[in-house]
Amino acid sequence: SSYLRSLVVGANTQVPVASGGYVIATNFDNAATTPPFCAVMDEIIAFAPWYSSVHRGKGYKSIVTSDIYEQARQTVKQFVCAGANDTAVFTKSTTESINLLANVLANDGGEKLILATDMEHLANDLPWRRHFKVDYACLDAFGRLSLKNVEDKLQQHKGKVALVAVTGASNVTGYINPVHSIARLAHKHGAKIFVDGAQLVPHMPFCMSKGQATECIDFLAFSAHKMYAPFGAGVLIGNSEDLLQAEPLLWGGGAVDLTSQQFIEWDAPPGRYEAGTPNVMGVVALVAAIRTLEANDLEMIHQYESSLISTVIAGLTDISGIRLYSVPTCDDERVSLISFTMEGIDHGLLAQALSQEAGIAVRNGLFCAHPYVEKLLKISDEELKYYHTHDDASVPGLVRISLGLYNTRQEVELFLRTVRRIAADPAFYAKKYQASMRND
Ligand code: PMP
């Protein structure tokens, strides 16, 4: 684990705590963003002398830069075993990738609908709502996606579903969805499948083309900043034929072939969807992150993170007053994150206490997955609206810890010790941090 820790930048950064001193920060908020790999930062520096415009120049550096940028598509595709006819479109983020795909599919016209699920991040929900009628496959009693309901909904809509949009792994509960089985169901009913890979691909090996042709994933998106590269680069992978049909989301130079004032000839994908000067530095960083993940064996990383999260789950289960929002599962059914609440202290105050008592960074709230958390907490739309209109009311939510490959067993132990300490007297900590929040 000390070797894995040495892979990321800033693992030993010190942060202030309530006692007045400093401690080494524990970052348990990797589902939001991961720190960059040292190798990624090195690659950025190494590439800087070649930094030049893409696709436009005949200068040597411009040609080198363009080659690096184009080769990056192959690296990204190989990373997730994309199909031979798939293309990788570089975007800003998973959110932009899904907006792009929704725009492409909306061009197809017709009365089709999208089947999303009750456990989606808003990035894999709102872009669909913008263009389509959306139905949602529901959860089982443990907050997991009900495969039976996916099949029932596909049957019920009688070939009208254009696409099943599902997350590879939830950013709230950590549950991994059996996306290849869902692909089989989708294809059986004439639909395609999109997988939101933002929380999945940084944590375990993922293959778009797996098993039989009917089990392959049609579209996949993910973000560099959740896989140890900086913000600002993302990718949408899908069949170039499927991506051919639409007008782009962004119009401008680079997206067209030849264009007069009378006509526009769009370029073929991926160029068609990359108007403007692309983020080459971001793509170079993404490739360096992929190489580092591959060099360190994603299966091994998954095993390591799974053993840490199992210790967290076992530890939290033993603390009275803690409620977990997902059930313990096998390693291949969860990525390394989990959400919980503690009786007697609001989620915001608990997150604040973890930070101020021990330098542990976690996330709290609704995690941009409001409908999912609403269902897990069994609150109604009316209640959510009430919180929206009453500033003084404390919005319900959860506390989430999400691990990365550089987290250690010692950090997990520190976290469990701190949670135990808070759970022994939650009212004391609630009061302490209520006051400090008021002073902010
Ligand atoms: N999907 C999931 C499951 C996520 O966790 C996130 C980020 N929290 C996103 C999509 C959106 O990613 P980005 O902010 O990089 O667009």
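The values are calculated or read from the model by the stated rules, or taken from the named source; none is laboratory data. This structure is a prediction, so every number in the text was calculated from the model and none was measured. As a convention, Cβ positions derive from the backbone with ideal geometry for all residues, glycine included, and neighbour counts pool all protein chains shown.
List every residue pair whose Cβ atoms sit under 6 Å apart, with the two residues 6 or more apart in sequence or on different chains, where the first one lies in region 408-430 and is within 18 Å of Ser2 (Cβ to Cβ) and the second, anywhere, is of a type in the set (Ser, Thr, Tyr) and assigned to a helix (DSSP H, G or I).
Hits for this filter: Val412/Thr311.
Here is a yes/no grid of residues against (1) touching a Lys or Arg at 6+ places or on another chain (Cβ under 9 Å); (2) over 30 Å from Thr33 (Cβ atoms):
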{"position": "Ala141", "(1), (2)": "no, yes"}
{"position": "Ala169", "(1), (2)": "yes, no"}
{"position": "Ala198", "(1), (2)": "yes, no"}
{"position": "Met208", "(1), (2)": "yes, no"}
{"position": "Ala224", "(1), (2)": "no, no"}
{"position": "Met227", "(1), (2)": "no, no"}
{"position": "Gly232", "(1), (2)": "yes, no"}
{"position": "Leu243", "(1), (2)": "yes, no"}
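Does region 136-153 include one or more residues that are assigned by TED's automatic domain parsing to the domain that holds Asp108, touching a Phe, Trp or Tyr at 6+ places or on another chain (Cβ under 9 Å) and farther than 25 Å from Tyr325 by Cβ?
No, there is no match, as no residue in region 136-153 is assigned by TED's automatic domain parsing to the domain that holds Asp108, touching a Phe, Trp or Tyr at 6+ places or on another chain (Cβ under 9 Å) and farther than 25 Å from Tyr325 by Cβ.
Being farther than 24 Å from Leu308 by Cβ and among the acidic types (Asp, Glu) is the filter; apply it to region 400-440 and report the residue that is nearest to the chain's Cα centre (by Cα).
Asp440
Restricting to region 189-221, count the residues that are in contact (Cβ under 8 Å) with a residue 60 or more places away in the chain, in contact with a strand residue (DSSP E or B) (Cβ under 6 Å, 6 or more places away or on another chain) and within 15 Å of the ligand (Cβ to nearest atom).
Counting residues in region 189-221 that are in contact (Cβ under 8 Å) with a residue 60 or more places away in the chain, in contact with a strand residue (DSSP E or B) (Cβ under 6 Å, 6 or more places away or on another chain) and within 15 Å of the ligand (Cβ to nearest atom) gives 10.
When you scan region 286-404 for helices (runs of 4 or more DSSP H) that lie fully inside it, which ones turn up with 1 or more residues that are in contact (Cβ under 8 Å) with a residue 60 or more places away in the chain?
298-317, 347-358, 370-376
Of all residues in region 31-81 being in a loop (DSSP other than H, G, I, E, B) and within 16 Å of the ligand (Cβ to nearest atom), which is nearest to Gly197 (Cα to Cα)?
Val80
All but one of (1) in contact with an Asp or Glu (Cβ under 9 Å, 6 or more places away or on another chain); (2) part of a helix (DSSP H, G or I); (3) at pLDDT below 95 hold for Ala430, so report the exception by its number.
Of everything listed in (1) in contact with an Asp or Glu (Cβ under 9 Å, 6 or more places away or on another chain); (2) part of a helix (DSSP H, G or I); (3) at pLDDT below 95, Ala430 misses just condition (3).
Please state which of the following conditions Val172 fails to meet, knowing it meets all the rest: (1) buried (at least 16 other Cβ atoms within 10 Å of the Cβ); (2) within 16 Å of the ligand (Cβ to nearest atom); (3) part of a helix (DSSP H, G or I).
Status for Val172: all satisfied but (3).
Assess whether Gly59 counts as being free of Cβ contacts under 8 Å to residues at least 40 places away in the same chain and on the phi > 0 side of the Ramachandran plot.
no
Looking at Glu411, is it in contact with a strand residue (DSSP E or B) (Cβ under 8 Å, 6 or more places away or on another chain), over 19 Å from His347 (Cα atoms) and assigned to a helix (DSSP H, G or I)?
yes
Could you check region 124-144 and list, in sequence order, the residues that are farther than 18 Å from Asp218 by Cβ and within 16 Å of the ligand (Cβ to nearest atom)?
Asp125, Leu126, Arg129, Arg130, Tyr136, Leu139, Gly143, Arg144
Of all residues being part of a helix (DSSP H, G or I), among the hydrophobic types (A, V, I, L, M, F, W, C) and within 16 Å of the ligand (Cβ to nearest atom) in region 82-118, which is nearest to Glu241 (Cα to Cα)? Just the residue, please.
Leu101
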